[in-house]
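The values are calculated or read from the model by the stated rules, or taken from the named source; none is laboratory data. This structure is a prediction, so every number in the text was calculated from the model and none was measured. For neighbour counting, all protein chains shown are included, and Cβ atoms are generated from backbone atoms with ideal geometry for every residue, glycine included. Protein only, heavy atoms only, side chains kept; ligands, DNA and RNA dropped before computing areas. Shrake-Rupley method; radii C 1.70, N 1.55, O 1.52, S 1.80 Å.
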Amino acid sequence: MKSRAKSSGYSPWKPAFGLALLTLLAGCGEDHLKTYPQTTFAPASDFARELDWLFKYTLVLGVLVGLFVFALLGYIVWRFRYQPGHPEPEQVHGNARLELLWTFIPALILAAIAVPTVRSIFNTQREAPANALIVEVRGWQWWWEFRYAVNGGRDTVVTANEIHVPVGTPVQLRMTAGDVLHAFWVPQMGGKRDLIPNKVNTLMFTPEEPGVYLGQCGEFCGDSHALMKMRLVAHEGDGFQRWLQNESQPAPAPRDSAVMLGKQLVTKGACAGCHTLRYGAARDSATMGRTGPDLTHFGRRRTLAGGILENNAENLSKWLKNPPEVKPGSKMPNLNLKDEEIRYIVAYLQTLQ
Amino acid sequence: MASTATVAAPHAHAAAPHTETGVWSWITTVDHKRIGILYFFSSIFYFLVGGIEALFIRTQLIVPENNFISADTYNQMFTQHALTMIFLALMPLTAAFFNYIVPLQIGARDVAFPRLNALSYWVYFFGGLMLLFAAVTKMAPNVGWFAYAPITERQYNPGPNVDFYVLGLQIVGLSSILAGINFIVTILNMRAPGMRLMRMPIFTWMVLITQVLIVTAMAVFTIAITQLMFDRMFGTTFFDPARGGDPLVWQHLFWMFGHPEVYILIIPIFGIISEVIPTFSRKPLFGYNVMVFASVLIGWLGWGVWSHHMFAVGLGPIADAFFALSTMLIAIPTGIKIFNWIGTMWGGSIRFTTSMLYAVAFIAMFTLGGISGVMHSVAPSDLQQTDTYFVVAHIHYVFFGGTVLGLFSGIYYWFPKIFGRLLDEKLGKIHFVGTLAGMNLAFFPMHFLGMYGQPRRTFTYPGDLGWNWMNFLSTMGAYLMALSTLVLVWNVIRSLRKGAIAGDNPWGAATLEWSIPSPPPVYNFRDIPMVHSRMPLWEADANKEPGIPHGKVAEDVNSITVGGTQVGEIEYPDSESKMSAHDLGIHLPPPSYWPVILAFGILMTFGSLIFRNLDGALHNLWFLSVAGVLLVAVSIFKWAFEPGH
């Protein structure tokens, strides 16, 4: 895999301007990534690399065809423009040999595209290997739910808008939707796959570079489709296991009174109707709300509100003040919380590390 | 037999083209030419509306995190932009040419069913008003023109928005199906004597293929939206996964219509371009037969590729491979057409009228759209492009670079025939340069935006993803296009009054419509012409059959000749058509107001279903539905017994 993708520039069609164009399109290295953090041109998984190679290969062929047609067209309109005094042109009605030629050559070019396409279709949709990490993904209006099996499948870790994966291990996402259609898309990990109610779709990739990658819902899903984002965190070494271990623990207990008040508001108030929170040593001390994200380790997440705001006290207060204003159509209503209450809740949620 | 006097002055009889005037005469007209003009101005109007909707979209995206319009308004705008452009602007604008030009090109006096033709127009007119009403009252569909289930179901979309989609498109689709049947019958049955299928003008050929696609594709779509209507109004669960329905069935039905729809919009343009390029190159179309067969093949293959819109759906590798390969196949006949147009120009004597400029630009821009189309057929790679701005770029290179540029070419080409006056060439060239620069500025950066990760159908984007400058350029391009469109509108208004008088055949074109005065008399042809060749107004023909001297129609309409020698007489089924003047008894269908009343009855029936679901005082309008149905029934009855003479 790796070797073929690395040879992307070395197709038999390698003309100098093709490469120049690729460089222009793909940019290079870290700078490029800083400028366009959601780019498809900086693949960080086997899946994304394969798609990237195919895209550039097709692009080079397409650009060659396009340049040929444009050059021909340009030549013709200049060469055969009307000039006074020229005789009427010869009335040519066709030429079977020429027409066969421009049927045959495009067919050949398309065959050159078809072969790697079909190979890649089967390659990118193969069965998951035994060592693959399975992550269940569920799309909601407008946030992501990720579920990991822990303790040999007896327990489940649930998180939102932030998917964690280890580098070097194949990851298979098993995806469905809770309400309408969504599509999982982290460009640097690979292409989109739709999330469809009552159907489980899979997507498999092996992350190759550690880092935090941006993702975005790809299928129109209503008012805040634009605001349904996520982060994919690829861990090196045992980072992923440590993260998973921490997530599987209950939320830490409050240490001061403001936090205690916040906990009261969250676990006994309206929040609990929608959000799950595992906060006790005993497994039954938890809120059971299912319509909103699991909040157990909320404070560790990088973002809030479907990945659109950085997770800090200021943004969290803004969000709690009036969610539908931050996110049109938000299923979390404006609870008319007092500023004081918001302060306590923020204090509590931030301790949920 | 015609006398020598008529040969010298073949059109001396051509008096005022339309004997009746006034609003009422336009409402009751069944003349295909007037209906064509109605389609023309309506679709130009909706083209401007669709453009304004596009400007709303582009203005919202000009800077990141803009608050110009709300998320819901944005969703309505991008949905309505597509619906307006596809169903209310571009399809009807092609229909304007079908109506006006096809009967003239085949040497007929009208279409096969003139009153049905009027009905098609009025049904479209009212359907368009309904969608326009939805847009201005902020109740427009807000789920995209693709309207994927289940977001269209009542629990996710309780308002009337999707009802407007369902009922508005049923009305508009009805119009298309009626027109489609009418044109298929017209083209197959009403060609002038001697016009075999393979002598038909290429534009008429493309219309025939398009109409077959319309009738079949629209039928599939009608099934889909009827099922959706039942889901929303009567509690069925075709597409509702929560109650056992399957949202993917909608996608299959939608794209089984939606993909052929692309060809419905582009094949007529193939026809226009194939008329314009030979005319202004002064050469016959290169490879006429192959052009016809390639288009039939494109139409046919158009049915086998719908799931290439669904590569992200998870249909499995076998389905993905099949649809990837079938999609690639379409590039072959399309490529043949492009090279045949180039072959037509090769060795020609090319005159760069505005019409020809648009035709050449069409070839270039459509090639770009075709190349990105092939890139989409590469299924795995498409997973990175689908639902991004790359696709928006592609579809606009096909629909704007293809359909709209082609329609502009057709407008400049046939305007003098339709209105008797030429469009101003200088304004035309300003329009051309502005449009071409604007469209490339607007749509080319979108390829990059898509690859840099900008999803489509999003009302806002953060400022730190590197998309800002490209979105800014794109919006500037949209404004430039809007300005140049105003130049076209001004050109049309001005030229209607002050344009140079066109004459019968200002371009020296070869097909029959140029043999009669501009604008043509109400009965089109004094004598139904006898056709000996594909390009009857040009001397030479592919098969070296006897042509007709440049600029004249066969006067001796009744004779059958072989190699210039008369061998027989044509027997007309209707002896009246031998008569050469209107008042001598050319049979023309009389005006009728039943089409417009019937169309209004359909609007009433469907419209009241929407208001049934609105809150407030208007919530129960069942009596309007009953009245609408009654009106439809009465109109059909009266129509059926209306005297035809």
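General observations
- Mean partner shielding of peptide A:230-238, defined as the number of other chain Cβ atoms within 10 Å of each residue Cβ, is 0.
- Loop-resident sites, the stretch A:211-282, for GluC sites (Glu not before Pro), counting at most 13 other Cβ within 10 Å (DSSP): A:GLU236
- The distance linking the stretch A:186-248 with the stretch A:124-148 is 8 Å (Cα centroid to Cα centroid, whole angstrom).
- Phi-derived couplings, Karplus 6.51 cos²θ - 1.76 cosθ + 1.60 at θ = phi - 60°, listed residue by residue for the stretch B:429-434: 6, 4, 4, 5, 5, x Hz, with x used for Gly and Pro.
- Among the GluC sites (Glu not before Pro) in the stretch A:118-172, those placed in a DSSP loop whose Cβ has at most 16 other Cβ atoms within 10 Å are A:GLU127.
- Only protein heavy atoms count here, probed at 1.4 Å, and on that basis chains B and A bury about 7400 Å² of accessible area in total.
- Rg and Dmax over the alpha-carbon atoms of the protein assembly as shown stand at 31.4, 112 Å.
- Loop exposure criterion: GluC sites (Glu not before Pro), DSSP state outside H, G, I, E and B, at most 16 other Cβ atoms within 10 Å. Applied to chain B, the longest stretch between such sites is B:66-538.
- Value at 222 nm in deg cm²/dmol, rounded to 500, when DSSP H runs of n ≥ 4 in the protein assembly as shown each add -39,500 (n - 2.57): -17500 deg cm²/dmol
- Counting, for every residue in A:208-219, the Cβ atoms of other protein chains within 10 Å of its Cβ and taking the mean gives 3.
- The shape of chain B can be summarised by an equivalent ellipsoid whose semi-axes, obtained from the alpha carbon gyration tensor, come to 41, 30, 23 Å from longest to shortest.
- For the stretch B:407-506, the normalised intensity computed at q = 0.21, 0.23 Å⁻¹ comes to -0.96, -1.08 (log10 of I(q)/I(0), Debye sum over alpha carbons, equal scatterers, no solvent).
- Size of charge dipole - the protein assembly as shown - debye, nearest 20, with Cβ of Lys, Arg +1 and Asp, Glu -1, no other charges: 960 debye
- DSSP bridge pairs, the protein assembly as shown: antiparallel proportion in percent, nearest 5: 75 percent
- Note on the stretch B:390-440 and the stretch B:280-306: Cα centroid distance 21 Å, given to the nearest whole angstrom.
- Dipole magnitude (debye, nearest 20) for chain B, charges at Cβ of Lys, Arg, Asp, Glu: 840 debye
- The charge dipole of the stretch B:448-514, taken about the Cα centre with unit charges on the Cβ atoms of Lys, Arg (+1) and Asp, Glu (-1), comes to about 200 debye, rounded to the nearest 20.
- Pairwise Cα separations in chain A fall into 20 Å bins from 0 onward with the following percentages, short to long: 25, 45, 21, 8, 2.
- Peptide B:69-81, shielding by other chains (average Cβ, 10 Å cutoff): 2
- Backbone HN-Hα couplings from phi across the stretch A:99-115 [Karplus 6.51/-1.76/1.60, Hz, Gly and Pro as x]: 5, 5, 4, 7, 8, 6, 5, x, 4, 5, 4, 5, 4, 5, 8, 5, 4
- Across the stretch B:316-363, the fraction of Cα-Cα pairs farther apart than 12 Å, rounded to a whole number, is 72%.
- Rounded percent of accessible protein surface that carbon and sulfur make up, the protein assembly as shown, 1.4 Å probe: 65 percent
- The mean sequence separation of alpha-carbon pairs under 8 Å and at least six residues apart, normalised by the residue count of the stretch B:173-315, gives a relative contact order of 29 percent.
- Net charge of neighbours whose Cβ lies under 15 Å from the Cβ of B:ILE597, counting Lys and Arg as +1 and Asp and Glu as -1: +1
- Chain B: angle of helix B:594-612 to the longest principal axis, Cα-based, in degrees nearest 10: 0 degrees
- Using the 1.4 Å probe convention, the accessible area of the protein assembly as shown works out to 37 Å² per residue with neighbouring protein chains retained.
- Inter-label distance for A:VAL200 and A:ARG81, nm, one decimal - labels placed 7 Å from Cα along Cα-to-Cβ: 6.6 nm
- Cα centroid separation - the stretch A:41-112 against the stretch A:298-348, whole Å: 54 Å
- Helix B:71-83 axis, angle to chain B major axis (alpha carbon atoms, nearest 10°): 20 degrees
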